[in-house]
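FYI, it's all coordinate maths here, none of it is from the lab. Keep in mind that what you see is a predicted model, and the values were worked out from it rather than measured.
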Amino acid sequence: MIRQKAFYENSELEWLHLANNNISMIAGDAFSGLNQLRFLNLEGNQIKAIGARVLAHLSRYKIIRGETSTACATYIFNVN
């Protein structure tokens, strides 16, 4: 699980690779404070769904998600 405000102290992050970390849940405000984030890779985790509250902090981003029989690949790109 990615806990609430997990990256809050790292507001300058632009790229965040969390692939293959056995993540199954993401807290609602896990990505809050990541104002500079341009790319987020959640590929190869056990995430079944991403809630609207999680995405509220990433409103400037486009989400590209592809699923295979064994994994879910989720990429979030800055579209500005």
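Converting phi to 3J(HN,Hα) with the Karplus coefficients 6.51, -1.76 and 1.60 and the offset θ = phi - 60°, the range 12-18 yields 8, 4, 10, 10, 9, 9, 10 Hz in sequence order, with x at every glycine or proline. Residues whose amide H falls under 5 Å from that of M25, counting only those 5 or more places apart or on a different chain, are I2, with hydrogens built in the peptide plane. Summarising the amide proton neighbourhood of N45: residues at separation of 5 or more, or on other chains, whose placed amide H is nearer than 5 Å comprise N20, C72.
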